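The block underneath contains the structure these notes are about, expressed in structure tokens.
The values are calculated or read from the model by the stated rules, or taken from the named source; none is laboratory data. These figures come from a predicted structure and were not determined experimentally. Reconstructed Cβ throughout: ideal geometry from the backbone, glycine too, with neighbour counts over all protein chains shown.
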Amino acid sequence: MSPGIVIVTFRCRDLALACLESLAAHLPHALPATVVVDNASGDGTVEAVRERFPAVTVIEERSNLGFAAAANSGIRALPGCDVVCLLNPDAVVLDSGLDAAACYLRDNGDTGVLGARIENMDGTIQPSCRAFPGHLTALFNRHSLATRFLPGNRWSQRYLMTEWNHEDVREVDWVSGACMLIHRRAIDRVGLLDPAYFFSIEDVDYCRRVHDAGLAVRYFPAARIQHRVGGSTKHAAYRAMYAHHRGMWTYYRRHMRGSIPMDALTAAGIGARLGVHVVSYTLRRLRQRIFAAV
């Protein structure tokens, strides 16, 4: 039995259709239990999904609620599903492994959340299971200079969990919301996603809450998806950057808060990181426009 599937969309019509096409190819029996929650895209996503995939349920939100709140709407629309899979619209499933993942969750009562094997467009592993973030994460995350130029350093490997080949089922701290399966037992214990996270970090927070509730979070490589990083946010890049960093601060306040000086230092660091990302992205955009005009 397939899991219920929730896909949240915002101005990514073609990507969402490709995602649904991959479900139709590998998991056609899952389409009647698939819910697309559209955050007021206004780009024809709703009409296209209804026309091409009539078995799929579509929920039209009147405004952009953000990912967590919209995903919660989708989960509520699947009350009869004991396993729900959150799937990004910029992802495609590569096999029928989500069925096996759902069975694993049903057969292992100590597990609340399961993450799939996520691959880049070239087939390489995309780090989709990681250690919980700490203060050093700012220096050794996926986009940091230390990771980019010294990918083999032990701190980056420890956080990104790149020291193993991702071929076996393994208990981890958190898994990416790009493809995250949640069993109803986890929802019963900790509730739904926290809508305070508009976009990003809600997956880290949810897995942290599941761990705190005494359930395991595991990586499951037999379910494979391909994920185009940033594909679903390219039409709102600045808002996505702001929401991501605001989510970092929210997570820190919920799970890591310390002394007043440490709080101030952390807030300043998050703000500085946001500034660097905004400037870097703006410069790239300007460079692309200049080259395009030449």
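Are any residues in the stretch 20-47 charged (D, E, K, R), surrounded by fewer than 18 Cβ atoms within 10 Å (Cβ to Cβ) and touching a helix residue (DSSP H, G or I) at 6+ places or on another chain (Cβ under 6 Å), and if so, which ones? The one that is charged (D, E, K, R), surrounded by fewer than 18 Cβ atoms within 10 Å (Cβ to Cβ) and touching a helix residue (DSSP H, G or I) at 6+ places or on another chain (Cβ under 6 Å): Asp43.
The number of residues in the stretch 265-294 being loosely packed, with under 13 Cβ neighbours inside 10 Å and either in a helix (DSSP H, G or I) or touching a residue at least 12 places away in the same chain (Cβ under 8 Å) (or both) comes to 19.
Residue by residue, here is whether (1) on the phi > 0 side of the Ramachandran plot; (2) among the hydroxyl-bearing types (Ser, Thr, Tyr); (3) within 20 Å of the chain's Cα centre (by Cα); (4) modelled with pLDDT of 95 or more holds:
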position	(1), (2), (3), (4)
Leu31	no, no, no, yes
Glu47	no, no, no, yes
Ser73	no, yes, yes, yes
Asp99	no, no, yes, yes
Asn108	no, no, no, yes
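Filtered by the rule that a residue be out of contact with any Ser or Thr (no Cβ under 9 Å at 6 or more places or on another chain), within 26 Å of Val58 (Cβ to Cβ) and aliphatic (A, V, I, L, M), the stretch 80-112 gives Val84, Leu86, Ala101. Of all residues in the stretch 16-37, none satisfies being within 22 Å of Gly247 (Cα to Cα) and touching a Lys or Arg at 6+ places or on another chain (Cβ under 6 Å). Scanning the stretch 48-57 for residues that are surrounded by 18 or more Cβ atoms within 10 Å (Cβ to Cβ) and aliphatic (A, V, I, L, M) turns up Val49, Val56. For the stretch 12-19, the criterion of being among the small types (Gly, Ala, Ser), buried (at least 24 other Cβ atoms within 10 Å of the Cβ) and not in a helix (DSSP H, G or I) is satisfied by no residue at all.
Are any residues in the stretch 56-85 of a type in the set (Asp, Glu) and more than 13 Å from Val8 (Cβ to Cβ), and if so, which ones? Let's see the steps before the verdict.
Applying the first criterion (of a type in the set (Asp, Glu)) to the stretch 56-85 yields 60-61, 82.
Across the stretch 56-85, the qualifying residue is only Asp82.
Just one of the listed residues (Arg224, Arg209, Arg185) is surrounded by 15 or more Cβ atoms within 10 Å (Cβ to Cβ), within 15 Å of the chain's Cα centre (by Cα) and modelled with pLDDT of 90 or more, namely Arg224.
For Arg239, the conditions (1) under 30 Å from Ser22 (Cβ atoms); (2) part of a helix (DSSP H, G or I); (3) modelled with pLDDT of 90 or more; (4) not aliphatic (A, V, I, L, M) all hold with the exception of (3). Of the residues making up the stretch 59-91, those that are surrounded by fewer than 20 Cβ atoms within 10 Å (Cβ to Cβ) and either of a type in the set (D, E, K, R) or in contact with a Lys or Arg (Cβ under 7 Å, 6 or more places away or on another chain) (or both) are Glu60, Glu61, Arg62, Arg76, Asp82.
The C-beta contact set for the stretch 189-200 (first residue within 19 Å of Arg239 (Cβ to Cβ) and in contact (Cβ under 8 Å) with a residue 60 or more places away in the chain, second residue of a type in the set (S, T, N, Q) and in a helix (DSSP H, G or I), distance under 9 angstrom, 6+ apart or interchain) comprises Leu193/Asn72; Asp194/Thr250; Pro195/Asn72; Ala196/Thr250; Tyr197/Thr250. Contact annotation: residue pairs with Cβ atoms under 6 Å, 6 or more positions apart or on different chains, pairing a residue in the stretch 114-142 that is closer than 21 Å to Ile225 by Cα and of a type in the set (Lys, Arg) with a partner that is part of a helix (DSSP H, G or I) and at pLDDT below 95, are Arg130/Tyr159; Arg130/Leu160.
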